[in-house]
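These notes are about the structure you will find just below.
The values are calculated or read from the model by the stated rules, or taken from the named source; none is laboratory data. What you see is a predicted model; the values in this text were computed from it and never measured. We place every Cβ from the backbone using ideal geometry, glycine too, and count neighbours over all the protein chains shown.
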Amino acid sequence: MKAFVIVMLLAGVAAAQERIQPEIIENKPDQTQWRIEVFYDQGWIGAKGVEPDGRHIGLGWTRDRVVDGSVLVLRRKLVPGEVTDKGHPLRIVDQNGSRLSEKFLGRGPTIDAATTPLAPGTVVGDWTVVASSDGDHPELITDEVEPNTSYIYVLAPALRGTPPDTYVAFPGDAIQTWPLRAHTAWFNRRRWMHLALIGLIAAALGGYTWLAKRKTLFVRRLAGVDAIENAVGRSTEMGRPVLYVTGVEETQDIQTIASLLILGHVAKITAEYDTDLRVANAYPLTMVIAEEVVRQGYANAGRADAHRPENIMFITSEQFAFAAGVNGMILRERPATNIFFGRFYGESLMLAETGFLAGAIQIAGTAELTQLPFFVSACDFTLLGEELFACSAYLTREPNQLALLKAGDVLKVVIALLVVGFTVCATLASQGWYPFTRFSIEDVMP
Amino acid sequence: MKNTAPVLLGMVVGCYMVVEYFIPHYAVRDVSAHVLQWGGLVAAAAYVMGGINLVQVTWPKIRRREQDWGYKVVLLASAAIMMLVGLPWRALIGVRAPGYAWKLAPSPELARRHEARVLVEAPDDVIVAIGTATARDNVVAPGEVAIKASRRPIGYDAFETKLVLAPGDVAIVAADPQMQWGASGRVRTWIYDYVFAPCNATMFALLAFFVASAAFRAFRARNIEAALLLGSAIIVLLAQAPIGRWLTTSLPHLSDWILDILSNGSRRAIIMGAAVGAIATGLRVILGIERSHLGGD
């Protein structure tokens, strides 16, 4: 219910924000007509616009006639209290030439654009070069600016010089915009679909949590997870340790997190069986967390005294050096069970194949698609993709966790329907059917 | 409280990061950027713990003369050496300028010829480029001249400057770029390039043998699924080799069909399932449903 209220509140705030109509200025009828579009926000549907984070302004322009040459875009901060009228034409050079006038620059020496490169980011007097474009630029140029600061932009027709970012002449008048200020918003409209999917999973979670309190939720058997306890039992009988590898990615990687969550359960099982658990980590932070997780696993089993911190090891964050280190452990200590859960890359087969040659029972789990075939061929059990993430819930059988597992299934069904729907839309669009030709999937789901 | 506080903290920070994804306001983004920086700091501090762990795990094995203890000595010595050569020692012993350039009294003879001259004083192994010339005595055209002095091996300082020479000017460039220490220093770079990189490449090369061994085992038609796998693998393998095209021109098309349709469809299904699983795992931790790592069951 709370989630629903929050979603409605966010939607209300977003609806109250100003609409994203581009502002347009036009020049005198006898001169070149500039149509300048300034964007401060994005729409609910459509890719055009800038993120309304208070730091970006989008600028695009077209002219009513084809004009040879480039357009140089400059901006300057508006001095507090400075009054400027609506967009108007102005000269940025004294005479036809390439030297920017002192009056235009405001401060500092005059600059000859034919010899001084005006690359984006260059500061000339009061002005900063934003971009340059060959001809009109109807697509947006996104400029990063300071929040809560007003700017005016100048679009100057220019003829490029031979060296990069130089200009030999500025023919005709430049056009100056009205004061512009980046907008801020409290909801990113382009991400409404993402929010809807999260809302959906939250609603499904609520529903299944309610259901889980009333009946046992069915979860299909995961042979790889069931095998963990048997494998630990085998290690106990053989008097050899269990080796657990948390992958070769950093701690914040979701697969490493999933691996650390499963590690707690494995630690509890090894503590109950009184078997040594060696954990190999590729990053020190993972090692620190893994040690805490294993300590807690032993405590959960009521055997906190049996925990040996030196069994939780930091090997190295270098991929193949890590593989060499773990292979050395496998060959020297001959663990009876190897568990590889987490993200792996090219070293996956080295580890799994060495473990196979050492005669260990091997259980692997990864969502790294390219490594799955290697694990499947060299390990006894492999958790494929989502099974790795479901493993912890499967082991605990806790109703709330199972409910979230089921909620994920609902999301999968919705995504499958969306895939089918978008495929149909894309097919119809490719055949020229209106209105499917008007949008693409990126418009709805960036 | 011992368990509730970390769960609450995790929930607050996790929810904030989720909400931040939908709120573009810069004030909200600034806070999350700071939080991420703190994460980086914690990760950096954990390297100290990693170093301590390395010694804790390795030293007892050396002391007890366990199996292959000699390798542990090499490991500790290598780690110590890399740490020592990775330190910026020059911050302690002082930094000497890599070079100087200055002008002498102008030469009327050169002025008459509308030329300038740049003399170089540097050890033989220092390459000094005066514009495009690398001689020790250079007669150059007046104007701005770019000067760069460096040693060929990487990991040394470089001296770069520009001189504006008038007709008749005589300039001297004295350069002796010093060896750098630290992450980009000479010794660390040398050890990395000539010791670590070959070892790394050797390990990577071993992968070929592991693949051959695993493939030999995997491609045995024990049941229908394994037979299908074997059949697909043979088609794809043959299509990649010249003999495949020689056998029949339709083999590459069949291989492409297997990869693009059958394989790709399954891959996408696994990717989608994994993505949803990742979302569910994230939610479990953020909402405090999963707390086995904090003491719950």
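Remark: A:Gly342 matches the filter, which requires a residue to be crowded, with 24+ Cβ neighbours inside 10 Å and assigned by TED's automatic domain parsing to the domain that holds A:Glu250. The set of residues from region A:328-355 being among the charged types (D, E, K, R), part of a helix (DSSP H, G or I) and farther than 11 Å from A:Gln371 by Cα comprises A:Arg332, A:Glu333, A:Glu353. Within the option set A:Phe314, A:Phe340, A:Phe344, being within 11 Å of chain B (Cβ to nearest Cβ) and of a type in the set (A, V, I, L, M, F, W, C) holds for one residue only, A:Phe314.
Can you find a residue in region A:187-205 that is in contact with a Pro (Cβ under 7 Å, 6 or more places away or on another chain) and within 12 Å of another protein chain (Cβ to nearest Cβ)? Yes, the conditions are met somewhere in region A:187-205.
Residue count for region A:200-257 under the criterion of being among the hydrophobic types (A, V, I, L, M, F, W, C) and not in a helix (DSSP H, G or I): the result is 8. The single condition among (1) touching a Leu at 6+ places or on another chain (Cβ under 7 Å); (2) modelled with pLDDT under 90 that B:Thr58 does not meet is (2). The listed residues are A:Arg181, A:Arg220, and the only one of them that is without any contact (Cβ under 8 Å) to a residue 24 or more places away in the chain and surrounded by fewer than 18 Cβ atoms within 10 Å (Cβ to Cβ) turns out to be A:Arg220. Residues in region B:22-51 that are in contact with a helix residue (DSSP H, G or I) (Cβ under 7 Å, 6 or more places away or on another chain), facing chain A (nearest Cβ under 9 Å) and under 27 Å from A:Val145 (Cβ atoms): B:Phe22, B:Val28, B:Arg29. Of the residues A:Asp143, A:Asp126, A:Asp134, A:Asp112, the single one that is modelled with pLDDT of 85 or more, loosely packed, with under 12 Cβ neighbours inside 10 Å and in contact with a strand residue (DSSP E or B) (Cβ under 8 Å, 6 or more places away or on another chain) is A:Asp134.
Can you say whether A:Val444 is at the interface with chain B (Cβ under 10 Å from one of its Cβ atoms) and either surrounded by fewer than 17 Cβ atoms within 10 Å (Cβ to Cβ) or of a type outside the set (Gly, Ala, Ser) (or both), as far as the supplied structure shows? No. Any residue in region B:81-90 that is exposed (fewer than 12 other Cβ atoms within 10 Å of the Cβ) and in a loop (DSSP other than H, G, I, E, B)? No, region B:81-90 contains no residue that is exposed (fewer than 12 other Cβ atoms within 10 Å of the Cβ) and in a loop (DSSP other than H, G, I, E, B). Screening A:Ala196 with (1) assigned to a helix (DSSP H, G or I); (2) touching a His at 6+ places or on another chain (Cβ under 7 Å) gives one miss only, at (2).
At least 3 residues being touching a residue at least 24 places away in the same chain (Cβ under 8 Å) is the threshold, and among the helices (runs of 4 or more DSSP H) wholly inside region B:182-257 those reaching it are B:186-191.
Among the residues of region B:3-16, those identified as exposed (fewer than 14 other Cβ atoms within 10 Å of the Cβ) and either in contact with a strand residue (DSSP E or B) (Cβ under 8 Å, 6 or more places away or on another chain) or within 11 Å of another protein chain (Cβ to nearest Cβ) (or both) are B:Asn3, B:Cys15. Being within 10 Å of another protein chain (Cβ to nearest Cβ) and of a type in the set (D, E, K, R) is a condition met by at least one residue of region A:370-386.
Quick grid of which residues meet (1) in contact (Cβ under 8 Å) with a residue 60 or more places away in the chain; (2) more than 28 Å from B:Asp157 (Cα to Cα):
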| residue | (1), (2) |
| --- | --- |
| B:Ile62 | no, yes |
| B:Leu75 | no, yes |
| B:Leu110 | yes, yes |
| B:Ala122 | no, no |
| B:Asp125 | no, no |
| B:Val140 | no, no |
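Being over 26 Å from B:Leu92 (Cα atoms) and in a helix (DSSP H, G or I), is that true of even one residue in region B:138-145? There is no residue in region B:138-145 that is over 26 Å from B:Leu92 (Cα atoms) and in a helix (DSSP H, G or I).
Can you confirm whether region A:362-377 contains a residue that is in contact with a Cys (Cβ under 9 Å, 6 or more places away or on another chain), assigned by TED's automatic domain parsing to the domain that holds A:Thr275 and among the β-branched types (Val, Ile, Thr)? Yes: region A:362-377 contains one or more residues that are in contact with a Cys (Cβ under 9 Å, 6 or more places away or on another chain), assigned by TED's automatic domain parsing to the domain that holds A:Thr275 and among the β-branched types (Val, Ile, Thr).
Given the conditions (1) at pLDDT below 95; (2) within 18 Å of A:Ile269 (Cβ to Cβ); (3) more than 8 Å from chain B (Cβ to nearest Cβ), report the number of the one that A:Ala390 does not fulfil. Just one mismatch for A:Ala390, condition (3). Checking the structure you have, find out if any residue of region B:112-130 is within 27 Å of B:Pro88 (Cα to Cα) and either of a type in the set (D, E, K, R) or modelled with pLDDT under 90 (or both). Checking region B:112-130: at least one residue is within 27 Å of B:Pro88 (Cα to Cα) and either of a type in the set (D, E, K, R) or modelled with pLDDT under 90 (or both).
For region A:51-68, filtered to residues that are outside any strand (DSSP E or B) and hydrophobic (A, V, I, L, M, F, W, C), the residue that is nearest to A:Ala156 (Cα to Cα) is A:Val67.
Within region A:257-291, if we keep just the residues that are more than 8 Å from chain B (Cβ to nearest Cβ) and closer than 16 Å to A:Glu318 by Cα, the residue that is nearest to the chain's Cα centre (by Cα) turns out to be A:Thr286. Checking each residue in region A:398-408 for being of a type outside the set (A, V, I, L, M, F, W, C), more than 7 Å from every other protein chain (Cβ to nearest Cβ) and touching a residue at least 12 places away in the same chain (Cβ under 8 Å) picks out A:Pro399, A:Lys406. When you scan region A:145-165, do you find a residue that is within 14 Å of another protein chain (Cβ to nearest Cβ), closer than 30 Å to A:Phe422 by Cβ and under 34 Å from the mean Cα position of the chain (by Cα), even just one? Looking for residues that are within 14 Å of another protein chain (Cβ to nearest Cβ), closer than 30 Å to A:Phe422 by Cβ and under 34 Å from the mean Cα position of the chain (by Cα), one finds none in region A:145-165, hence no. Once region B:52-66 is narrowed to residues that are more than 28 Å from the chain's Cα centre (by Cα) and assigned to a helix (DSSP H, G or I), the residue that is nearest to the other protein chains (Cβ to nearest Cβ) is B:Pro60. In the set A:Gly365, A:Gly325, only one residue is surrounded by fewer than 20 Cβ atoms within 10 Å (Cβ to Cβ) and either in contact (Cβ under 8 Å) with a residue 40 or more places away in the chain or in a strand (DSSP E or B) (or both); that residue is A:Gly325.
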